[in-house]
1. How many of the residues making up the range 208-241 are open to solvent by 20 Å² or more (accessible area, probe 1.4 Å) and at pLDDT below 95?
2. Is there any pair with a first residue in the range 242-270 that is on the phi > 0 side of the Ramachandran plot and a second that is of a type in the set (Gly, Ala, Ser) and open to solvent by less than 40 Å² (accessible area, probe 1.4 Å) whose Cβ atoms are under 7 Å apart and which are 6 or more apart or on different chains, and what are they?
3. Counting just the residues of the range 183-207 that are open to solvent by 50 Å² or more (accessible area, probe 1.4 Å) and more than 19 Å from Gly135 (Cα to Cα), which one comes out modelled with the highest pLDDT?
4. Taking strands (runs of 3 or more DSSP E) that do not extend beyond the range 62-159, which have at least 1 residues that are more than 24 Å from Ile204 (Cα to Cα)?
5. Give the residue that is surrounded by the fewest Cβ atoms within 10 Å (Cβ to Cβ), with candidates limited to residues of the range 79-102 that are modelled with pLDDT under 95 and within 18 Å of the chain's Cα centre (by Cα).
6. For the range 226-242, which positions are closer than 21 Å to Phe195 by Cβ and among the basic types (Lys, Arg)?
7. When you go through Tyr203, Tyr181 one by one, which is the residue that is of a type outside the set (D, E, K, R), in contact with a Lys or Arg (Cβ under 6 Å, 6 or more places away or on another chain) and either in contact (Cβ under 8 Å) with a residue 12 or more places away in the chain or farther than 19 Å from Leu157 by Cβ (or both)?
8. Of all residues in the range 103-152 being basic (Lys, Arg) and more than 30 Å from Lys67 (Cα to Cα), which is surrounded by the fewest Cβ atoms within 10 Å (Cβ to Cβ)?
Amino acid sequence: MKKILFAALAILSVCATAVGANHVYVKSKQNLRCEGYFPQISPDGKKVISAPTDAKKLFIYDLATSKRDVIADEGVPGFEAIFGENGKVYYVSMKINNDHIIFRSVREYDPATGNDREVLSGQHGAVHAINGTEGVAAVGEQKEWNVRQAGTFAWALGSELYVYRNGKKNTFSPINVQTGYLWVDVSPDGKKVLFHVPANGLYICDAASGRIINKLDGCIMPRWYNNELIVAQGKGRLGYNIIIFRADGTGGVQSLASGECVMPSVSGHNVIYTTKGGSVKLLTLETPQEHDVRLEQERIEAERIAKEKAEEAARIAAEKETEKEAGQ
């Protein structure tokens, strides 16, 4: 299974890394004490979900305690599991009935209580749990859940792109291809949608009209970092790498991590990914503007501390001088 998985990634991953781009700074890099694939990190940065390569189990790790629990071990739950902004985990569970027909449902797991419940009942066909701009939605070819409360989100079935805006569903076909669309994601402001077309590349379209805004080279597994930057998996000199680039195509491609790094996902300022061997790693990023602000704040704080120390030293010296004069 692992060989098949990474062979597929090798075929799809054709994006080369440019030199000199500096869209973000890597504020910190951590080797997490958990292993697995398809990793996702919670919005508060305290928990990670992942799965083995066959996705037959879904694990949750507490980064503070290094404790690992099994969320689910039936129905191949590991492929598309996500964290919602509420910190809960949403995953797709598959069952096969007596007629050998596959039914998929979406379940919600609460790490705080351990409660697990079904939010979208089983149905035949494609089913997904998706993060929208306002919350999580569950969608399928026949039934849906929470689409009005999730804000703007999108998914694809074949070469049809479904964009939901506050419960209203619009169907677009921006590119007429037989291969369909993969890795659909909506920008945080809900204005743009990215999707990947195998052998064609990465497309960005307007969420309101479906009009193509830009086409970029064929990186895979793209996710919005913010409204202007995209994180994806590329191919560099040392193997697979994690890259970031502007949605408008300017400024080149910046490599964030290299050496068989795969399956990136984004949560706030965090980018989590795994390696070909299953080692999960976490990057915390900041934009140049955020970097400059942080350095200025650190400079001001360092000056404040130095001033306080100097004043304290002067006070102690004055006290000693007073004591010396009193003793004479």
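The values are calculated or read from the model by the stated rules, or taken from the named source; none is laboratory data. A quick note: this is a predicted structure, and the numbers were derived from the prediction, not measured. Note that each Cβ is placed from the backbone with ideal geometry, even for glycine, and that neighbours are counted across all protein chains shown. Calculation scope for accessible area: heavy atoms of the full protein, side chains included, ligands and nucleic acids excluded. Shrake-Rupley method; radii C 1.70, N 1.55, O 1.52, S 1.80 Å.
1. 6
2. Between residues of the range 242-270 that are on the phi > 0 side of the Ramachandran plot and residues that are of a type in the set (Gly, Ala, Ser) and open to solvent by less than 40 Å² (accessible area, probe 1.4 Å), the close pairs are Gly251/Ala21; Gly252/Ala21; Gly259/Gly239; Glu260/Gly239.
3. Asn200
4. Answer list for the range 62-159: 67-72, 89-96, 102-109, 116-123.
5. Ranking the qualifying residues of the range 79-102, first place goes to Phe79.
6. Lys235
7. Every option except Tyr203 fails the conditions.
8. So in the range 103-152, the residues basic (Lys, Arg) come out as 104, 107, 117, 143, 148.
Still in the list and also more than 30 Å from Lys67 (Cα to Cα): 143, 148.
Numbers: Lys143: 15, Arg148: 13.
Here the answer is Arg148.
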